[in-house]
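Read the structure below first, then the notes.
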Amino acid sequence: MKHAVVALTGVVPTRGEADLVEFAAALPGTQVWVVVGARAGEPILIADKLAALREQWTGTSHVRFRAAAITNGPAPDGGDWAWWATTINRGCPEAGERWDYVVAPQAAGQPLAAALGARLITMTGGPHPVTDRDVRADPWRHWADILPAIRRSRLTTITLFGQESVGKTTLAARVAGELGAGWLPEWARLFLDQVGTTINPQVMAAIAAGQTAWQVTARHRAAHPVLLQDTDLYSSLGYFQLLDVPLPPHLADDAARLASDLYIVLPDDIPFVPDAQRYGGDVRETPLAYWTRLLDAAGQPYVVAPAGDADTKAAYITGWARSLFADRWREIREGRVAATAAPLG
């Protein structure tokens, strides 16, 4: 069995890194050691980097991952290659300091190969061209180039909230389309379109279960940097309370677990439009204050959108989406210290 090492030092795990590991894993008869380096205080924990990479290689026994805590060593992009060789040998004792290959995206890996007494193998044509630096400079543009586990942990979620017939669905779809964000429509409306509009405790329990699965699935995919929802489980909880129906087990806990980063409560300044899934006749069933009190009781962050036309509200929602996303990624773009790296092992 031959031994190959792939050294990764990017702040944000990317598809390019995964491509390089995939290439190394295809080397015949080779045990691959992926050494993931990080300095103490990098904004993404070393444990999260390892988890993001391991997720791509579940069940692959000949690919192993190790952490390298860069505390007093050289800059991650080179310098003291003897230090790197010592760190890799210490972290991968099973290789017995007998390295056959160093796998790197380009010839810059030659000094490390020399320090380890190994042959350099480059990935012909290079891995995916978007680098860690590209992602850090513009994570919105390069969202698809970030590994899925990191996308899930950095996803920004906003729920448009409040009474029925205030424009939640229309505005969520519009802003998502204009912004290039994800849109998660209300699961109950899709469900009731199929099974009929009769409401009873059993149907409401099914709606709560379906909405939970709907939100979990969308978050797991994390296909866009911002996810706009036109309802969520706090809406479900509100209707259970409004109709005095016993809450299903775990609904309150699931609502809190899947809570959005921000709730934007829409004002009721547009005409009410009756339809078969609105049960208050010709009027709204609840006042705006019913929904803000619910969020207050749950301790969830919210703002009330200004009254005005659809353009005014869309601009307001867009502003919040961009601001929240920028705040979430600012520490990564600026290299801000936010966490402690794990020890080698």
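Read-outs: derived from the displayed coordinates by stated rules, not from any lab. Because the structure is a prediction, the values reported are computed rather than measured. For neighbour counting, all protein chains shown are included, and Cβ atoms are generated from backbone atoms with ideal geometry for every residue, glycine included.
By count of other Cβ within 10 Å, fewest leading, how are L266, L243 ordered?
Working: L266 25, L243 13.
Arranged by neighbour count, lowest to highest, L266, L243 become L243, L266.
Starting at the first residue of region 244-257, write each ³J(HN,Hα) from the Karplus equation 6.51 cos²θ - 1.76 cosθ + 1.60 with θ = phi - 60°, in whole Hz, x for Gly and Pro.
With coefficients 6.51, -1.76 and 1.60, one gets 6, 9, x, 5, x, x, 6, 4, 5, 5, 5, 4, 5, 5 Hz.
If each residue's Cβ is checked for other Cβ atoms within 10 Å, how do S153, S323, S165, S235 rank with the fewest at the top?
Numbers: S153 15, S323 12, S165 20, S235 24.
Fewest-to-most Cβ neighbours within 10 Å comes out as S323, S153, S165, S235.
To make sure I understand the rule: partners must be aspartates and glutamates, Cα under 12 Å from the Cα of K2, and not fewer than 8 residues away in the same chain. Which ones qualify?
E94, E97, D100
With axes computed from alpha carbons, what is the tilt in degrees of helix 15-25 against the longest principal axis of the chain, rounded to the nearest 10 within 0 to 90?
50
Based on DSSP, what percent of beta bridges with both residues in the chain are antiparallel, to the nearest 5?
Beta bridges within the chain, antiparallel portion: roughly 5 percent.
Mind listing the long-range amide H neighbours of W183? Cut-off is under 5 Å, sequence gap 5 or more, other chains count too, H placed in the peptide plane at 1.01 Å from N.
Under 5 Å from the amide H of W183: L228.
By how many degrees, between 0 and 90 and to the nearest 10, does the Cα long axis of helix 288-298 differ from the longest principal axis of the chain?
40
Under 5 Å between amide hydrogens, which residues at least 5 positions from R39 or on another chain qualify, with H placed 1.01 Å from N in the peptide plane?
I70
From the square roots a ≥ b ≥ c of the eigenvalues of the alpha-carbon gyration tensor of region 155-305, which class results: rounded (a/c under 1.5), prolate (a/b over b/c), or oblate?
rounded
Just going by the charge dipole of the chain, with Lys and Arg at +1 and Asp and Glu at -1 on Cβ, which of F191, G41, A25 is farthest out on the positive end?
The one lying farthest along the dipole's positive direction is A25.
Order by neighbour count: I88, I70, I270, fewest other Cβ atoms within 10 Å first, most last.
So the ranking, lowest neighbour count to highest, is I270, I70, I88.
What's the angle, to the nearest 10 degrees (0 to 90), between helix 81-91's Cα axis and the longest principal axis of the chain?
So the helix axis and the longest Cα principal axis differ by about 70 degrees.
Setting aside same-chain residues fewer than 8 positions from K168, which lysines have a Cα under 28 Å from its Cα?
Within the straight-line cut-off, K168 pairs with K313.
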